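One structure is given here, and the rest of the page talks about it.
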Amino acid sequence: MSRPSEAMKAEFDTVASWTADAVEELGPDYALPAACRGSGSPAVLAWLCEALQLDTGTTLLDSGAGVGGPAAFAEQRYGARPVLTDPMPAAVTASRRLFGLPAVVCDSRQLPFPSEGFDAAWALGVLCTVAEKQLLLAELRRVLVPSGRLGLLVLVRTTDSLGDKPEGNTFPSYEELRHLLDSTDFQVLEEVDASDFPDPPVAWQAHADRVEAVIAARHGGDTAWGAADRQSAALGRLLRSGQLRTVLMHAVRT
Ligand SMILES: C[S@@+](CC[C@H](N)C(=O)[O-])C[C@H]1O[C@@H](n2cnc3c(N)ncnc32)[C@H](O)[C@@H]1O
């Protein structure tokens, strides 16, 4: 199985722990905006929570939870009971520090959970970071109850010849994504483009920016900061030029 590159470790592991440090210094209001790395806006997260009908007590597996913002959003605003997983140990520690949610270090291609234990699962910004996408989706299917709900946020490529890519990412085309879901026995019920949603509210964005600024001030000279910054700059260019678009999907286990 493919292993994360150094740039991915910087982006998803080292920066996760710097994020938790900065939030602890600035205060708890900063936690959610700073910890939604990839999925971003409250409007997007609310759509996913509503589509998956998350409610008090719904068990939710967050695959590739990162620093844990989306799972904490689902817990705080919808009463869901999330379990977080991520292969990066510092990300898992950061999510525990910021939100106190159950979090496990593991690779979602091989989940340490029994079959049919979760009502819902989501993977937000994760499929693009994994080469073996089919393995990951098959594992998510295995741990979902029959008719369990799956949420995805996926960056899909709109062209065959992408420009300068962030290291370690493989972006599926829309057709490849639909084929992957068919072949792992998921039925797509609805999908939307993230560009249809409003930008994050000003206060949310300001909090996220403040945390970024604290991290940059403290670690701007570190090699890991430079590597993580190059990763997000490359991603930003691909999104702005329209070579990537962000798709949200709600599917069910068939
Ligand atoms: C763009 S971040 C998104 C984090 C979080 N889902 C969010 O939306 O804020 C991608 C995450 O996928 C995780 N990841 C990478 N490979 C993975 C794998 N094989 N299984 C599970 N998660 C993985 C990374 O460690 C990282 O935390």
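The values are calculated or read from the model by the stated rules, or taken from the named source; none is laboratory data. This is a predicted model, so every value here is computed, not measured. Please note: Cβ atoms are built from the backbone with ideal geometry, for glycine as well, and neighbour counts cover all protein chains shown. Each accessible area value is taken on the protein alone, full model and side chains, heavy atoms only, with ligands, DNA and RNA left out. Shrake-Rupley method; radii C 1.70, N 1.55, O 1.52, S 1.80 Å.
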Let me confirm something: among ARG77, ARG37, ARG81, which residue is among the basic types (Lys, Arg) and closer than 13 Å to ASP13 by Cα? ARG37
Do you know which residues across the range 123-153 are of a type in the set (A, V, I, L, M, F, W, C) and more than 16 Å from ALA65 (Cβ to Cβ)? ALA131, LEU135, LEU137, ALA138, LEU144, VAL145
Within the range 1-20, residues being farther than 17 Å from LEU101 by Cα and either surrounded by 17 or more Cβ atoms within 10 Å (Cβ to Cβ) or among the aromatic types (Phe, Trp, Tyr) (or both) number 11
Mind listing whichever residues of the range 80-102 are open to solvent by less than 20 Å² (accessible area, probe 1.4 Å) and part of a helix (DSSP H, G or I)? ALA91, VAL92, ALA94, SER95
For the range 109-166, name all the residues that are in a loop (DSSP other than H, G, I, E, B), within 27 Å of ALA7 (Cα to Cα) and among the polar types (S, T, N, Q). GLN110, THR158, THR159, SER161
Matching residues in the range 111-129 - criterion: being open to solvent by 20 Å² or more (accessible area, probe 1.4 Å) and either near the ligand (Cβ under 9 Å from one of its atoms) or of a type in the set (D, E, K, R) (or both): GLU116, ASP119, GLY125, THR129
Can you tell me which residue is nearest to the chain's Cα centre (by Cα) among those in the range 73-98 that are under 22 Å from ARG149 (Cβ atoms) and more than 12 Å from the ligand (Cβ to nearest atom)? VAL83
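Of the residues LEU181, LEU124, LEU144, only one is closer than 14 Å to THR85 by Cα and either among the basic types (Lys, Arg) or modelled with pLDDT of 95 or more (or both); which?
On the way: LEU181 fails: closer than 14 Å to THR85 by Cα; LEU144 fails: closer than 14 Å to THR85 by Cα.
On inspection, the qualifying residue turns out to be LEU124.
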Taking the criterion of being of a type in the set (Lys, Arg) and not in a helix (DSSP H, G or I), would at least one residue in the range 242-253 satisfy it? yes
Could you list, ordered by first residue, the pairs with Cβ atoms under 9 Å in which the first is in the range 53-76 and without any contact (Cβ under 8 Å) to a residue 60 or more places away in the chain and aromatic (Phe, Trp, Tyr) and the second is in a helix (DSSP H, G or I) and open to solvent by 10 Å² or more (accessible area, probe 1.4 Å), at least 6 apart or interchain? PHE73/LEU32; PHE73/PRO42; PHE73/ALA46
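Filter the range 22-31 down to the residues that are surrounded by 17 or more Cβ atoms within 10 Å (Cβ to Cβ) and farther than 14 Å from ALA203 by Cβ, then identify the one that is nearest to the ligand (Cβ to nearest atom).
Ranking the candidates gives VAL23 first.
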One residue is enough: does the range 32-39 have a residue meeting the conditions touching a residue at least 24 places away in the same chain (Cβ under 8 Å), more than 10 Å from the ligand (Cβ to nearest atom) and touching a Lys or Arg at 6+ places or on another chain (Cβ under 8 Å)? no
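Out of curiosity, is ALA203 away from the ligand (no atom under 16 Å from the Cβ), open to solvent by less than 40 Å² (accessible area, probe 1.4 Å) and free of Cβ contacts under 8 Å to residues at least 24 places away in the same chain?
Details: away from the ligand (no atom under 16 Å from the Cβ): yes; open to solvent by less than 40 Å² (accessible area, probe 1.4 Å): no; free of Cβ contacts under 8 Å to residues at least 24 places away in the same chain: yes.
When the stated conditions are applied, ALA203 does not pass them.
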Enumeration of residues in the range 2-52 that are at positive phi and out of contact with any strand residue (DSSP E or B) (no Cβ under 7 Å at 6 or more places or on another chain): GLY27, GLY40
